[in-house]
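The values are calculated or read from the model by the stated rules, or taken from the named source; none is laboratory data. Every value quoted in this text rests on a predicted model; they were computed, and no experiment measured them. Cβ coordinates were reconstructed from backbone atoms using ideal geometry, including for glycine residues, and neighbour counts include every protein chain displayed. SASA here: full protein model, heavy atoms, side chains in, ligands and nucleic acids out. Shrake-Rupley method; radii C 1.70, N 1.55, O 1.52, S 1.80 Å.
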Amino acid sequence: MPFPIPNRSFTAALTAGVLVLALAACTPPNAPSTGASPAATSGLPGTHIHGLTVSGDSSQVLMATHDGLFDVTKEPAMKIGATNDLMGFTPGKDQGSFYASGHPGPGSDLPEPLGLMKSSDGGKTWEPLSRQGESDFHALTTTRSGIIAYDAELRTSPDGKTWKTVAAGFAPAALAGHPDSDTVLATTQEGVQRSTDGGNTWTLQKQAPVIQFATFPRPTEAVGVEPDGTVHYSSDAGATWTRKGRIDGQVQAIAAAKGADGNLSVWAATAEGVLVSTDGGATFRSANAS
């Protein structure tokens with residue numbers, strides 16, 4: 001669904017991904033697939049990108065799409081697991097653990113919608129946790145306290161199985177959190193909503209830029225991107241922001257990680273391919289460039 005154009009400089013449609021995730025519902029994928037196999041073409045595995053995440057240890061970049069999960073560190077992109085439309089996607093606390101939601105692929109015996117699913121093996125297999133046949137979570141993130149998700153209602157869960165509805169008063173386009181913190185950012189057309197208690201209460205950050213995508217490379221650090229591609233960095237978990245550089249092309253999802261050397265890297269999926277910045281978001285180049 002396009003992000004409505006508010007009074008504060010919105011000039012592009014909103015899609016969201018996990019890290020930040022699209023709100024628009026997609027039709028089911030065209031063909032089932034299991035196991036690991038190369039994507040049909042080089043570059044992006046598809047045009048419906050719903051999430052991007054990166055492992056700070058291995059720098060493996062994973063992309064959640066209309067046609068399933070792909071390792072885009074490989075060239076061409078390598079398919080991981082079955083073909084399901086992963087509308088919501090976010091990493092968990094443990095290495096190789098992910099949560100997802102969306103729609104089952106053709107021929108699948110999974111319920112429609114998928115509810116909340118969990119993978120403990122890097123996305124190869126998925127275990128249904130809750131709300132099967134009930135929820136298609138388009139916005140999804142993890143915190144120290146549990147999981148926050150949106151399916152026309154904002155919900156929190158300590159374990160992915162039991163849920164509480166939060167009367168937030170806004171519809172988040174994207175949710176961004178970190179498994180080692182209870183601070184959460186929600187992007188909306190009015191601006192960034194911020195919670196410091198795992199999504200139970202929220203405050204509109206009136207002085208913050210109107211951000212379309214957000215991600216946490218570390219518990220106290222955040223990266224945000226405006227609809228026009230302008231990149232911002234926060235050293236205090238989204239309380240204040242500093243403008244960095246700009247991404248050319250329509251951004252569909254972002255991810256960020258901080259290496260052992262302290263350098264911040266930012267990845268962005270655009271219509272032209274995956275871009276990467278190794279200088280904290282100041283400049284970007286093709287992730288496949290040598």
Original post:
Does segment 57-69 contain any residue that is open to solvent by 50 Å² or more (accessible area, probe 1.4 Å), in contact (Cβ under 8 Å) with a residue 24 or more places away in the chain and within 16 Å of the chain's Cα centre (by Cα)?
Top reply: no
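I need a count of the residues in segment 245-286 that are of a type in the set (A, V, I, L, M, F, W, C), touching a residue at least 12 places away in the same chain (Cβ under 8 Å) and surrounded by fewer than 18 Cβ atoms within 10 Å (Cβ to Cβ). Outline the logic, then answer.
Here is the first cut: in segment 245-286, the residues of a type in the set (A, V, I, L, M, F, W, C) are 247, 251, 253-257, 260, 264, 266-269, 271, 274-276, 282, 284.
This time we only want the ones that are touching a residue at least 12 places away in the same chain (Cβ under 8 Å), so: 247, 251, 253-257, 264, 266-269, 271, 274-275, 282, 284.
Right, trim to surrounded by fewer than 18 Cβ atoms within 10 Å (Cβ to Cβ) and you get 271, 282.
Counting residues in segment 245-286 that are of a type in the set (A, V, I, L, M, F, W, C), touching a residue at least 12 places away in the same chain (Cβ under 8 Å) and surrounded by fewer than 18 Cβ atoms within 10 Å (Cβ to Cβ) gives 2.
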**OP:** State all residues of segment 117-143 that are crowded, with 16+ Cβ neighbours inside 10 Å, under 17 Å from G68 (Cβ atoms) and not acidic (D, E); if no residue qualifies, say none.
**Re:** M117, K118, S119, G122, G123, W126, F137, H138, L140
Original post:
What residue, of A256, A268, A222, A208, is more than 17 Å from the chain's Cα centre (by Cα), closer than 23 Å to L140 by Cβ and of a type in the set (A, V, I, L, M, F, W, C)?
Top reply: A208
**OP:** Starting from segment 171-186, keep only residues that are within 17 Å of P158 (Cβ to Cβ), then list their pairs with residues that are open to solvent by 20 Å² or more (accessible area, probe 1.4 Å) and at pLDDT below 95 whose Cβ atoms are within a distance under 6 Å, requiring at least 6 positions of separation or different chains.
**Re:** P179/K93
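Can you tell me which residues in segment 244-267 are acidic (D, E) and modelled with pLDDT of 90 or more?
Step one: of segment 244-267, the residues acidic (D, E) are 248, 261.
Within segment 244-267, D248 is the sole residue that qualifies.
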Original post:
Do we have A282 as out of contact with any His (no Cβ under 7 Å at 6 or more places or on another chain), of a type in the set (A, V, I, L, M) and over 23 Å from T141 (Cβ atoms) here?
Top reply: yes
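Can you find a residue that is open to solvent by less than 40 Å² (accessible area, probe 1.4 Å), under 19 Å from V72 (Cβ atoms) and in contact (Cβ under 8 Å) with a residue 40 or more places away in the chain anywhere in segment 197-210?
Going through segment 197-210, the residues open to solvent by less than 40 Å² (accessible area, probe 1.4 Å) turn out to be 198-199, 205, 208-210.
Subsequent filtering for residues that are under 19 Å from V72 (Cβ atoms) retains none.
The answer is no; no qualifying residue exists.
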Original post:
Within segment 155-242, which strands (runs of 3 or more DSSP E) (wholly inside it) include 1 or more residues that are closer than 30 Å to T283 by Cβ, in contact with a strand residue (DSSP E or B) (Cβ under 6 Å, 6 or more places away or on another chain) and not basic (K, R)?
Top reply: 174-176, 184-188, 191-195, 213-218, 221-225, 230-234
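Name the residue that is most open to solvent (accessible area, probe 1.4 Å), counting only residues in segment 90-116 that are hydroxyl-bearing (S, T, Y) and out of contact with any Lys or Arg (no Cβ under 8 Å at 6 or more places or on another chain).
By that ranking, first place goes to S108.
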Original post:
Given (1) at pLDDT 95 or above; (2) over 22 Å from L154 (Cα atoms), where does T270 come up short, assuming only one miss?
Top reply: (1)
Original post:
Do any residues in segment 72-95 that are within 28 Å of D180 (Cβ to Cβ) and in contact (Cβ under 8 Å) with a residue 60 or more places away in the chain have Cβ atoms under 9 Å from those of residues that are open to solvent by 50 Å² or more (accessible area, probe 1.4 Å) and among the acidic types (D, E), where the two are at least six apart or on different chains, and which pairs are they?
Top reply: K93/D180
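From the list P45, P29, P76, pick out the single residue that is open to solvent by less than 60 Å² (accessible area, probe 1.4 Å), under 30 Å from A186 (Cβ atoms), at pLDDT 50 or above and of a type outside the set (A, V, I, L, M). Outline the logic, then answer.
Details: P29 fails: at pLDDT 50 or above; P76 fails: under 30 Å from A186 (Cβ atoms).
P45 is the lone residue from the list that is open to solvent by less than 60 Å² (accessible area, probe 1.4 Å), under 30 Å from A186 (Cβ atoms), at pLDDT 50 or above and of a type outside the set (A, V, I, L, M).
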Original post:
Since V192 meets every condition but one in (1) of a type outside the set (G, A, S); (2) open to solvent by less than 10 Å² (accessible area, probe 1.4 Å); (3) under 21 Å from S97 (Cα atoms), which condition does it not meet?
Top reply: (3)
